[in-house]
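Colleague: Got a structure for you, questions after.
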Amino acid sequence: MSAVSQWVNGVGVVHRDAALLILAKPSGLPTTTPDDADCLVKRAQLLDPEAQRLHATSRLDAEVSGLVTFARTPAAAEALRQARADGRYGRRYIALTLTPPKASEGAWDSAISIDPRDRRKRVAGQGEQEKAARSRFLVAERMPLGALLHLFPETGRTHQLRVHALAAGAPLFGDKVYGGPTRATAADGRVVTARRTMLHCAALRLPNVASGTGEIELTLDPPADWLSAYRGLGGTALP
């Protein structure tokens, strides 16, 4: 796993070079906000005041933890935009569900639209501002009370992985907004709880923009609350 070189105000610096700043975002902190409230972007600016321009090239929902990449220059932002279009910007998320898909791997291709009942939410299928979306999934471990999923978004729609998981009958553990249960009960009566969506951006693969050749590959351990839920569901594959 990649080491966090520095922790500042709850945010970890995982990688920094002339082109990119890659941070470990904690759960509970939004990537951006429409007002002047605290968010990862503001903390990144404090961490890296010398950057020409800090542009978050992906966004994690407030509840979601993990790796977030910032371009430090306009040229870097354009290079990563092109990398995403070319399929050379890969992300792997790890997630927990109590109702895993029957198939061991596959892809979810439903379009993502605005939920007509609540514009803050999204739904799978046709609707207002419909956008094509694709997420690949792998059932990495089947556990006594659920499963560990590896999720690979190939597009970047709002709430994409959470909406696709719900539509597939595998809502994420702790995701109250999208139908995910918050409690699991073992046969012996033991109760496992999730106070937030158990979704973590654990790995990145992207071009080495600073050098112009090769790739950067980074991984990040999930936080303690995610690991506690995973072990409570019977997971043993992760350390």
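The values are calculated or read from the model by the stated rules, or taken from the named source; none is laboratory data. Computed from a predicted structure; not experimentally measured. Neighbour counts run over all protein chains shown; Cβ positions are idealised from the backbone, glycine included. Heavy atoms of the whole protein, side chains included, go into the accessibility calculation; ligands, DNA and RNA do not. Shrake-Rupley method; radii C 1.70, N 1.55, O 1.52, S 1.80 Å.
Colleague: Quickly run through the stretch 196-218 and pick out the residues that are under 16 Å from the mean Cα position of the chain (by Cα) and open to solvent by less than 40 Å² (accessible area, probe 1.4 Å).
Modeller: Arg196, Thr197, Met198, Leu199, His200, Cys201, Ala202, Ala203, Leu204, Leu206, Leu218, listed by residue number.
Colleague: If you check Arg120 against the conditions, is it open to solvent by 90 Å² or more (accessible area, probe 1.4 Å), touching a residue at least 60 places away in the same chain (Cβ under 8 Å) and assigned to a loop (DSSP other than H, G, I, E, B)?
Modeller: Here the answer is no, as Arg120 does not meet what is asked.
Colleague: Please tell me if Arg72 is basic (Lys, Arg), under 9 Å from the mean Cα position of the chain (by Cα) and on the phi < 0 side of the Ramachandran plot.
Modeller: no
Colleague: Additional query: Do we find a residue being farther than 23 Å from Ala210 by Cα and among the polar types (S, T, N, Q) anywhere in the stretch 56-68?
Modeller: yes
Colleague: Could you list all residues from the stretch 1-21 that are in contact with a Lys or Arg (Cβ under 9 Å, 6 or more places away or on another chain), over 28 Å from Arg120 (Cβ atoms) and open to solvent by less than 60 Å² (accessible area, probe 1.4 Å)?
Modeller: Correct list: Val8, Gly12, Asp17, Ala19, Leu20, Leu21.
Colleague: If you scan the stretch 85-105, which residues turn out to be within 12 Å of Ala165 (Cα to Cα), in a strand (DSSP E or B) and of a type outside the set (Ser, Thr, Tyr)? Can you show your working first?
Modeller: Keep residues of the stretch 85-105 that are within 12 Å of Ala165 (Cα to Cα), which gives 95-101.
If we keep only those that are in a strand (DSSP E or B) as well, we get 95-97.
Of everything in the stretch 85-105, those that are within 12 Å of Ala165 (Cα to Cα), in a strand (DSSP E or B) and of a type outside the set (Ser, Thr, Tyr) turn out to be Ala95, Leu96.
Colleague: Can you tell me which residue within the stretch 179-195, out of those that are touching a Leu at 6+ places or on another chain (Cβ under 7 Å) and buried (at least 20 other Cβ atoms within 10 Å of the Cβ), is nearest to Gly66 (Cα to Cα)?
Modeller: Only one residue tops the list, namely Gly180.
Colleague: Mind checking which residues of the stretch 125-158 are surrounded by 22 or more Cβ atoms within 10 Å (Cβ to Cβ) and assigned to a loop (DSSP other than H, G, I, E, B)?
Modeller: Scanning the stretch 125-158 gives a single hit, Ala133.
Colleague: Here are Ala203, Ala194, Ala133: which of them is out of contact with any helix residue (DSSP H, G or I) (no Cβ under 7 Å at 6 or more places or on another chain) and among the aliphatic types (A, V, I, L, M)?
Modeller: Ala203
Colleague: A further question follows. Among the residues of the stretch 1-18, are any among the charged types (D, E, K, R) and closer than 23 Å to Arg205 by Cβ?
Modeller: yes
Colleague: Is there a residue being in contact with a Ser or Thr (Cβ under 8 Å, 6 or more places away or on another chain) and under 24 Å from Leu220 (Cα atoms) anywhere in the stretch 108-130?
Modeller: No, every residue in the stretch 108-130 fails to be in contact with a Ser or Thr (Cβ under 8 Å, 6 or more places away or on another chain) and under 24 Å from Leu220 (Cα atoms).
Colleague: Identify the residue in the stretch 79-94 that is within 30 Å of Ser228 (Cα to Cα) and among the charged types (D, E, K, R) and, among all such residues, is least open to solvent (accessible area, probe 1.4 Å). Spell out the reasoning first.
Modeller: Kept after step one, since they are within 30 Å of Ser228 (Cα to Cα), are these residues of the stretch 79-94: 89-94.
Add one more test, that the residue is among the charged types (D, E, K, R), and what stays is 91-92.
Values: Arg91: 24, Arg92: 59 Å².
The residue in question is Arg91.
Colleague: Ok, one more. As an exercise: evaluate Arg92 against (1) in contact with a His (Cβ under 7 Å, 6 or more places away or on another chain); (2) more than 24 Å from Ser2 (Cβ to Cβ) and give the number of the one condition it does not meet.
Modeller: Only one criterion is unmet by Arg92, namely (2).
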